[in-house]
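Here's the structure, in structure tokens; my notes come after.
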Amino acid sequence: MKKNRNILVTGGAGYIGSHTVVELINKGFNPVIVDDFRNSDPKVLDGIKSITGKEALLRVVDVTNKKQLKAVFEEFSFSGIIHFAAYKAVNESVDKPLAYYRNNIDGLLNCLELAEEFNGLNFVFSSSCTVYGEPKDIKVVTELTETQEASSPYGATKQMCERIISDVHKSGSPIRLLNLRYFNPVGAHPSAEIGELPIGKPNNLIPFINQTAAGILNELIVFGNDYSTEDGTCIRDYFHVVDLAEAHIKGYEWLNNLDGPKLETINVGTGNGSSVLEIIHIFEKISNESLKWKFGPRREGDIEQIYADTSKAQELISWSAERTIEDAITDAWNWQKKLGNE
Ligand code: NAD
Ligand code: WQD
């Protein structure tokens, strides 16, 4: 019997979703994107088409609307779901907690209920290193590192979603479940056809650097220079978004080959940390631009340094990051140059 290659990709028009849709198409899957473009642009579909030569299937649906989402399950038969659709801005979640709980929790509940009802047995969930909170006295976290209280409503939604997924598994559900805890995905597709499209002023470091160099923003404020790190700035585990997309494919294929219910959680990162100053220097070298930046006060809630122990990803799904931080910054800058001053 021919294997079912249909996969529902919620939030597939977004930053990580669009890169994953490209890799899914390249691997012969039939992704069906469900997205209502609340944080993305329909133009991403043109980018996906020019990279893969194929039109991605799209249904413009709000995943929190179960009736609309159910209609998509009635139209297609899915082998499983990759669930990206969620709100993701830490600061915004502090101002709009209800919107974050509603969207991130309801979306997950609808997807899980429909996965059970329609026998879509593989389920990959976009989790985040934010679930670790501020780890006590450690920098490298494994999946067994105790999670601390989330520092934002956004982080709390990811912890709650993981809890819901765990309870579903314990209930004897047949769904095969995989939480991917992403560290700091950055970069863009090397073709510069798709990339990150922050709406409004970006919060994350790499888009902020790019928009400063492109003249859209005045200058970058480096949040704090008195941390206990070599150069005094925070350290993160940045890695290429195409590597992350590939982790979804490997994770999905691993789920697909299981012969019974399962729940696993995997860190996705490189295992190496870079400081903010190191990132600025790499950017300047690659772009030949001199970046306007200055030190400012610490950002509230920032963790001094955190990076992933990635051995489980290697052991379980045979994944490790292949691209360098230089590759990621090169691709992100090429994408920004293509966008111009947009
Ligand atoms: P993104 O905002 O670019 O993509 C999310 C997509 O989901 C958008 O296209 C948006 O329009 C869509 N969406 C949101 N709510 C929806 C709804 N109710 N119905 C339909 N569509 C909806 O974000 P991203 O960076 O691609 O992140 C994808 C996932 O990965 C999110 O769950 C995020 O929390 C998680 N994550 C992201 C990062 C990161 O650094 N980008 C890190 C860790 C985890
Ligand atoms: C990186 C470093 C800043 C902007 C976020 C989310 C987290 C997860 C990953 C989703 C930090 C510094 C930044 C600026 C700066 N996402 N910085 N000036 O903080 O690791 O985490 O992305 O799940 O939940 O919180 O990433 O890109 O915001 O910051 O100095 O203008 O850059 O202080 O050290 P972060 P980031």
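The values are calculated or read from the model by the stated rules, or taken from the named source; none is laboratory data. None of the values given here were measured: they were computed from a predicted structure. In this analysis, Cβ positions are derived from the backbone assuming ideal geometry, glycine residues included, and neighbour counts consider all displayed protein chains. We work out accessible area using only protein heavy atoms, side chains counted, and drop any ligands, DNA or RNA first. Shrake-Rupley method; radii C 1.70, N 1.55, O 1.52, S 1.80 Å.
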Look at region 145-164 and say how many of its residues are over 18 Å from the mean Cα position of the chain (by Cα) and farther than 11 Å from residue 132 by Cβ.
-> 2
Residue list for region 238-270, filter: of a type in the set (A, V, I, L, M) and open to solvent by 30 Å² or more (accessible area, probe 1.4 Å) | 258, 263
Inspect all residues belonging to region 99-114 and state whether any of them is within 14 Å of ligand 1 (Cβ to nearest atom), more than 21 Å from residue 180 (Cα to Cα), polar (S, T, N, Q) and surrounded by 19 or more Cβ atoms within 10 Å (Cβ to Cβ).
-> no
Might you check whether a residue that is away from ligand 1 (no atom under 16 Å from the Cβ), open to solvent by less than 20 Å² (accessible area, probe 1.4 Å), at pLDDT 95 or above and of a type outside the set (Val, Ile, Thr) occurs anywhere in region 183-191?
-> no
Which of the residues belonging to region 305-323 are more than 17 Å from the chain's Cα centre (by Cα) and either surrounded by 15 or more Cβ atoms within 10 Å (Cβ to Cβ) or hydrophobic (A, V, I, L, M, F, W, C) (or both)?
-> 305, 309, 312, 316, 317
Filter region 260-287 for residues that are of a type in the set (A, V, I, L, M) and part of a helix (DSSP H, G or I); which is nearest to residue 138 (Cα to Cα)?
-> 276
Every residue from region 72-87 that is open to solvent by less than 20 Å² (accessible area, probe 1.4 Å) and assigned to a helix (DSSP H, G or I) | 72, 73
Which one is farthest from ligand 2 (Cβ to nearest atom), of the residues in region 160-179 that are in a helix (DSSP H, G or I) and open to solvent by 50 Å² or more (accessible area, probe 1.4 Å)?
-> 170
Identify the single condition in (1) within 17 Å of residue 135 (Cβ to Cβ); (2) within 16 Å of ligand 1 (Cβ to nearest atom); (3) modelled with pLDDT of 95 or more that residue 303 does not satisfy, given that it satisfies every other one.
-> (3)
Filtered residues of region 21-70 (kept if in contact (Cβ under 8 Å) with a residue 24 or more places away in the chain, assigned to a loop (DSSP other than H, G, I, E, B) and either surrounded by 16 or more Cβ atoms within 10 Å (Cβ to Cβ) or on the phi > 0 side of the Ramachandran plot (or both)) | 29, 35, 36, 37, 39, 40, 56, 61, 62, 63, 64
Report yes if some residue within region 271-291 is free of Cβ contacts under 8 Å to residues at least 12 places away in the same chain, surrounded by fewer than 19 Cβ atoms within 10 Å (Cβ to Cβ), closer than 30 Å to residue 176 by Cα and among the polar types (S, T, N, Q); otherwise report no.
-> no
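For every residue, the table says whether it meets (1) near ligand 1 (Cβ under 7 Å from one of its atoms); (2) modelled with pLDDT of 95 or more; (3) polar (S, T, N, Q).
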| position | (1), (2), (3) |
| --- | --- |
| 13 | yes, yes, no |
| 16 | yes, yes, no |
| 24 | no, yes, no |
| 27 | no, yes, no |
| 32 | no, yes, no |
| 42 | no, yes, no |
| 45 | no, yes, no |
| 51 | no, yes, no |
| 68 | no, yes, yes |
Name the residue, out of 283, 295, that is within 23 Å of the chain's Cα centre (by Cα) and modelled with pLDDT of 95 or more.
-> 283
Residues in region 197-214 that are more than 11 Å from ligand 2 (Cβ to nearest atom), at pLDDT 95 or above and not hydrophobic (A, V, I, L, M, F, W, C) total 1
Inspect all residues belonging to region 33-50 and state whether any of them is within 16 Å of ligand 2 (Cβ to nearest atom) and among the acidic types (Asp, Glu).
-> no
Residue count, region 88-123, condition within 15 Å of ligand 2 (Cβ to nearest atom), outside any helix (DSSP H, G or I) and either at positive phi or of a type in the set (A, V, I, L, M) (or both), comes to 1
